[in-house]
1. Could you tell me which of the residues 241, 287 is at pLDDT below 95, surrounded by fewer than 18 Cβ atoms within 10 Å (Cβ to Cβ) and among the basic types (Lys, Arg)?
2. Kindly state which helices (runs of 4 or more DSSP H) lie completely within the stretch 15-68 and contain at least 3 residues that are over 21 Å from residue 140 (Cα atoms).
3. Take residue 354 and decide whether it is within 20 Å of the chain's Cα centre (by Cα), farther than 30 Å from residue 124 by Cα and in the same structural domain as residue 102 (by TED's automatic domain parsing).
4. So, in the stretch 325-341, how many residues would count as being modelled with pLDDT of 95 or more, not in a loop (DSSP other than H, G, I, E, B) and not basic (Lys, Arg)?
5. Just the residues that are surrounded by 15 or more Cβ atoms within 10 Å (Cβ to Cβ), part of a helix (DSSP H, G or I), touching a residue at least 40 places away in the same chain (Cβ under 8 Å) and not small (Gly, Ala, Ser), please, taken from the stretch 440-456.
6. Considering only the stretch 132-172, state which residues are in a helix (DSSP H, G or I) and aliphatic (A, V, I, L, M).
7. Out of the residues in the stretch 349-366 meeting the condition of being surrounded by fewer than 17 Cβ atoms within 10 Å (Cβ to Cβ) and either of a type in the set (Gly, Ala, Ser) or in contact with a Pro (Cβ under 7 Å, 6 or more places away or on another chain) (or both), tell me which one is farthest from residue 102 (Cα to Cα).
8. Give the number of residues within the stretch 327-337 that are loosely packed, with under 15 Cβ neighbours inside 10 Å and over 17 Å from the mean Cα position of the chain (by Cα).
Amino acid sequence: MSAAGTVENPLRIAIIGAGPSGFYAADQIIRDPGTEAQVDLFDRLPTPYGLVRGGVAPDHPKIKSVTRVYERTASKEGFRFFGNVEVGRDLRIEDFERHYHAIFYTFGAEADRELGIQGEDLPGSHAATAFVGWYNAHPDYADRDFDLENVKRAVVIGNGNVAIDVSRMLALDDAELRRTDIADHAIDVLDSSAIEEIVVLGRRGPAQAAFTNPEIREIGDLEEVDLIVDPAEIELDPASRAWIDSDEADKTARINVEIVEEYAQRKPEGKPKRINLRFLTSPVEIRGGERVESIVIGRNELVVDEGSLRARDTGEREEIDCQLILRSVGYTGVPIRGVPFDEKRGTILNHEGRVLDSHGGPHRTGHYTAGWIKRGPSGVIGTNKRDAQETVDHLLSDVAEGRLLDPEDPGPEAIENLLAERKANFVSFSGWQKIDHAEVVRGRPHERPRVKFVKVDEMLEVASQPGQENE
């Protein structure tokens, strides 16, 4: 048989995880002019697009428009989507090795990092991951219960874009929410919210904040919200000031500092809600009886440690009454059986996208990774395109050198037959288009972009129905 990547023997690639990284990798492989390739993209949910569908805030439709790019990829010859297929339940890694020349892992970092402090498990203390999934109609979180009727003050821990998103969602009024594709079950709960103040805690100063310029600007433009910043908490330490004023400073960080400094000059106008941006603070303990009643925070100072700025606890304490806590201190990957995992970093063990058998060990032939599960949770959606390209370049180099898996049965029909044998009810891309169309139709009477399904069974039923998916 001829080498993989020819018309006689097409390169067969399995990509596990249908978020941005998975689509970018698929597109780059299919578009390579010197390679005849067939890409099968798998996801455990019936719906594609990962965090673009389940993580991007409902009031950010422009960001979600990137899915048009992924739709073009899906329309290309050689691409197939297999939704509602879970590794470990429906297929094993050994199955992929028997049917594909290479496997890409692009399933992201879906677990949240914990604070590791007393009281973290009290009712009323949640991961921001769960809250985001809940209001975005993610099936994993549809049944979560968020009691906002008895919440006057919420505390959000973290100062990245997710922390800013959840703070903004808590502050939006009902009319704004009803113009979005937010989950139906979240609208009434958020509308009944008694929240008056949202306190956002950042461990370091504004120069080190992880949010982007558009996010921090947007939260300052909310019509019904007073934004409060204590000038004393954003005064830069000498090392931060020197860096911000230097040519080495990141442009985003420099503008972040300017924006926050402008916010510190604002005077409260008595608006219905307040968002209080706090800096140089860390959670120490969550207190309460049957549920969250307060949080104890510590005051930090920034010190230079081995060439970088580190937040050091000063010992100063403050207790803030609150009834809801959302932690947004990062994501971590979840290992899957049979794939080397770096527990410390929370990623698949790899070098530049090639999966390694062990730290410093050789590349595991035919195994690759891209996205957050490769590098950790960093960057924006577009970052995944460059990240995927690095891995695909290594794949194509390995194709040229013949360093691939030697599958027993690489025929395109083999994986479909195996899924049928195991009674896996997979969703094709045309099945997803039926779900997509039905959601859009459901939204029209309410002048909303869509009304999402939140139950997998509902999605599967729609995907299996005959009819036009692109009416």
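The values are calculated or read from the model by the stated rules, or taken from the named source; none is laboratory data. Note that this is a predicted model, so its numbers are computed, not measured. A quick note on method: Cβ atoms are made from the backbone with ideal geometry, for glycine too, and the neighbour counts reach across all protein chains shown.
1. Working: 287 fails: at pLDDT below 95.
Just one listed residue meets the conditions, 241.
2. Numbers: elements: 20-31, 51-54, 61-64.
Counting at least 3 such residues, we get 20-31, 61-64.
3. Details: within 20 Å of the chain's Cα centre (by Cα): no; farther than 30 Å from residue 124 by Cα: yes; in the same structural domain as residue 102 (by TED's automatic domain parsing): yes.
Answer is no for this residue.
4. Within the stretch 325-341, residues that are modelled with pLDDT of 95 or more, not in a loop (DSSP other than H, G, I, E, B) and not basic (Lys, Arg) number 3.
5. Our first condition is that a residue be surrounded by 15 or more Cβ atoms within 10 Å (Cβ to Cβ); within the stretch 440-456, this holds for 440, 442-443, 448-454, 456.
Those left that are additionally part of a helix (DSSP H, G or I): 440, 442-443, 456.
Subsequent filtering for residues that are touching a residue at least 40 places away in the same chain (Cβ under 8 Å) retains 443, 456.
Within the stretch 440-456, just 456 meets the criteria.
6. In the first step, residues of the stretch 132-172 are kept if they are in a helix (DSSP H, G or I); the result is 132-135, 139-141, 161-171.
Those that are in a helix (DSSP H, G or I) and aliphatic (A, V, I, L, M): 132, 162, 163, 164, 166, 169, 170, 171.
7. From the stretch 349-366, those surrounded by fewer than 17 Cβ atoms within 10 Å (Cβ to Cβ) are 351-352, 357-362, 365; that's our starting set.
From what is left, the residues that are either of a type in the set (Gly, Ala, Ser) or in contact with a Pro (Cβ under 7 Å, 6 or more places away or on another chain) (or both) are 357-358, 360-361.
Numbers: 357: 15, 358: 19, 360: 21, 361: 19 Å.
Here the answer is 360.
8. If we filter the stretch 327-337 for residues that are loosely packed, with under 15 Cβ neighbours inside 10 Å, which is where we start, we get 334, 337.
With over 17 Å from the mean Cα position of the chain (by Cα) added as a condition, the list becomes 337.
The qualifying residues number 1.
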